[in-house]
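Enquirer: Below is the structure I would like to discuss, written out as structure tokens.
The values are calculated or read from the model by the stated rules, or taken from the named source; none is laboratory data. Just so you know, these numbers come straight off a predicted model, no measurement behind them. Using ideal geometry, Cβ is built from the backbone for each residue, glycine included, and neighbour counts are taken over all protein chains shown.
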Amino acid sequence: MEKAKKSEQLVAAIENGTVIDHIPSDKVFDVVNLLGLTSITTPITIGANLTSHKMGSKGIIKIADRYFSEEECSKLSVIAPNIVLNIIRNYEVAEKKAIPVPDEVRGIVKCCNPMCITNHEPMQTVFRVVDKRNGTLRCRYCGKDIPRDDVKLL
Amino acid sequence: MDNSGRSLISLEGLDRDDILELLRQAATFETKPDRKILDGKVVATLFFEPSTRTRLSFETAVNRLGGRVIGFSDAATTSSSKGETLKDTIMMVSNYADLIIMRHYLEGAAKYASEISPVPIINAGDGANQHPSQTMLDLYSMLKTQGRLDGLDIFLVGDLKYGRTVHSMLTAMRFFNPTFHFISPEELKMPAEYKEFCRENGIRFSEHSEFNEKVISEADIIYMTRVQRERFTDLMEYERVKDSFILHNDMLAGTKPNLRILHPLPRVNEISQDVDSNPKAYYFQQAKNGLFVREALICNALNLL
């Protein structure tokens, strides 16, 4: 417990906002991009390669004074389904939210099939989430399945 | 205008009754292929990838139905070679034509075209993905020669890994309680996902690595495909197996009288020439059936039946 607290303290606490926890270390910057955090003006703290009991190594992002809609959060499920969102109010965790898995993913994932039309036309990609537990996506156009580990963002 | 209900992109959305109804319509076209149903209609055939056989079959279908054809048979002569997007080509052509029949080298091209086009699209092949009119003519040929689609013993031979026609056939036959036999070299075996599809849909199948008289003795249909050199990662393996998946006339002696041999064509050497005169050879009539099936598909897409 003491150890966990120490690693938490590596990144500063926020009064109000969102703490995104349990991000796989190699996905931290994908989360930054997916949530458009580069254009946010409120304070953001990004921690990567922190020690985690559950994951070995994890990332954490704290965003002050900003909350995210269900739709925004559901995008994260395509790269890391176990991310937890902590809603912080007055330095306390007011709510812990798991990431909802959407039925469909539009415009954020690249099809891994080089012969898919979506990789050649200026068009939006669309995937159906065919296996919610394992996060397998199926391209609406070429029909190829992409396992979660092979997902690449546009 | 919404064309989504009328475009034909794949057979996935069709159920048993839809398939049988289309085959019934094809049979009526066989009794009378020349009709003026398309009088005053213009059909565009856009072949971004060359395919003599499929294009001629579709264009003959339009001509025999009294319609007119515009289009191209080689994308090198069109604006797409200048970098025009598929969307722009489709939007332009849909100003002129009532129906677009397209073949494209990219997978999903027909699906995308159907989403942006104000006129219906018939997919005449999109890369390694779908080729629904071929599958329908295969089914028509089976129905016509066997008198039924239900409960057939179908032997698929050759390249079962990359061959889209054999994959589409599994999908379309799921309503008809078939037994499949997969006969292929090790490197070109039926992919696991399609075997899983068979299990999920209660389709019986067995796999064989030998292609001989004994294996095919119970066949109602033998569906041959080409084993292509470029599909092998191991060329030694190709040299070893290339002559093992060829159908010779003497292999047909002990087969069932109702057996018919199908092939999507073009054939290279996987069916030896001496099979052609055997009454069980059906591949040339099969290609002819493509005309009647495509007449039905065209009229269906234009809501004319």
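Enquirer: I'd like the residue in the range A:142-154 that is more than 13 Å from every other protein chain (Cβ to nearest Cβ) and part of a loop (DSSP other than H, G, I, E, B) and, out of all such residues, is surrounded by the fewest Cβ atoms within 10 Å (Cβ to Cβ).
Expert: So the residue we want is A:Leu154.
Enquirer: Mind listing whichever residues of the range B:173-188 are in a helix (DSSP H, G or I) and modelled with pLDDT under 95?
Expert: Within the range B:173-188, B:Glu186, B:Glu187, B:Leu188 qualify.
Enquirer: Write out, first by first residue and then by second, each pair whose Cβ atoms fall under 8 Å of each other, whose residues are 6+ apart or on separate chains, and whose first residue, in the range A:130-143, is in the same structural domain as A:Cys111 (by TED's automatic domain parsing) and over 17 Å from A:Gly107 (Cβ atoms) while the second is acidic (Asp, Glu) and surrounded by fewer than 24 Cβ atoms within 10 Å (Cβ to Cβ).
Expert: Partner pairs satisfying both residue conditions: A:Val130/A:Asp145; A:Thr136/A:Asp145.
Enquirer: Look through B:Gln285, B:Gln228 and report the one residue that is under 20 Å from the mean Cα position of the chain (by Cα), touching a residue at least 12 places away in the same chain (Cβ under 8 Å) and closer than 21 Å to B:Arg148 by Cβ.
Expert: B:Gln285
Enquirer: Of the residues in the range B:108-136, how many are in contact with a Phe, Trp or Tyr (Cβ under 7 Å, 6 or more places away or on another chain), surrounded by 24 or more Cβ atoms within 10 Å (Cβ to Cβ) and within 13 Å of chain A (Cβ to nearest Cβ)?
Expert: 2
One line per residue, one yes/no per condition, for (1) buried (at least 16 other Cβ atoms within 10 Å of the Cβ); (2) more than 13 Å from chain A (Cβ to nearest Cβ); (3) of a type in the set (Asp, Glu); (4) in contact with a strand residue (DSSP E or B) (Cβ under 6 Å, 6 or more places away or on another chain):
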| residue | (1), (2), (3), (4) |
| --- | --- |
| B:Gln146 | yes, yes, no, no |
| B:Ile154 | yes, yes, no, yes |
| B:Val157 | yes, yes, no, yes |
| B:Leu160 | yes, yes, no, yes |
| B:Arg164 | yes, no, no, no |
| B:Thr171 | yes, no, no, no |
| B:Pro191 | no, no, no, no |
| B:Glu196 | no, no, yes, no |
| B:Arg204 | no, yes, no, yes |
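Enquirer: Right, something else. Would you pick out the residues in the range B:41-53 that are hydroxyl-bearing (Ser, Thr, Tyr) and modelled with pLDDT of 95 or more?
Expert: Of everything in the range B:41-53, just one residue is hydroxyl-bearing (Ser, Thr, Tyr) and modelled with pLDDT of 95 or more, namely B:Thr45.
Enquirer: Moving on to the next point. Which residues, taken from the range A:123-141, are within 11 Å of chain B (Cβ to nearest Cβ) and assigned to a loop (DSSP other than H, G, I, E, B)?
Expert: A:Met123, A:Gln124, A:Thr125, A:Arg140, A:Tyr141
Enquirer: Does B:Tyr105 count as over 19 Å from B:Ile70 (Cβ atoms), at pLDDT 95 or above and within 14 Å of chain A (Cβ to nearest Cβ)?
Expert: Criteria not met by B:Tyr105.
Enquirer: Going through A:Ser69, A:Ser74, A:Ser52, A:Ser57 one at a time, which residue ends up being closer than 30 Å to B:Ala109 by Cβ, surrounded by fewer than 19 Cβ atoms within 10 Å (Cβ to Cβ), in the same structural domain as A:His22 (by TED's automatic domain parsing) and without any contact (Cβ under 8 Å) to a residue 60 or more places away in the chain?
Expert: A:Ser74
Enquirer: Could you tell me which of the residues B:Ser217, B:Ser209 is surrounded by 13 or more Cβ atoms within 10 Å (Cβ to Cβ), among the polar types (S, T, N, Q) and in contact with a helix residue (DSSP H, G or I) (Cβ under 7 Å, 6 or more places away or on another chain)?
Expert: B:Ser209 is the lone residue from the list that is surrounded by 13 or more Cβ atoms within 10 Å (Cβ to Cβ), among the polar types (S, T, N, Q) and in contact with a helix residue (DSSP H, G or I) (Cβ under 7 Å, 6 or more places away or on another chain).
Enquirer: Still on this model: Report yes if B:Lys256 is under 22 Å from B:Pro279 (Cβ atoms) and loosely packed, with under 13 Cβ neighbours inside 10 Å, otherwise no.
Expert: no
Enquirer: If you don't mind, another one. Name the one entry in B:Glu200, B:Glu210 that is within 14 Å of chain A (Cβ to nearest Cβ) and without any contact (Cβ under 8 Å) to a residue 40 or more places away in the chain.
Expert: The match here is B:Glu200.
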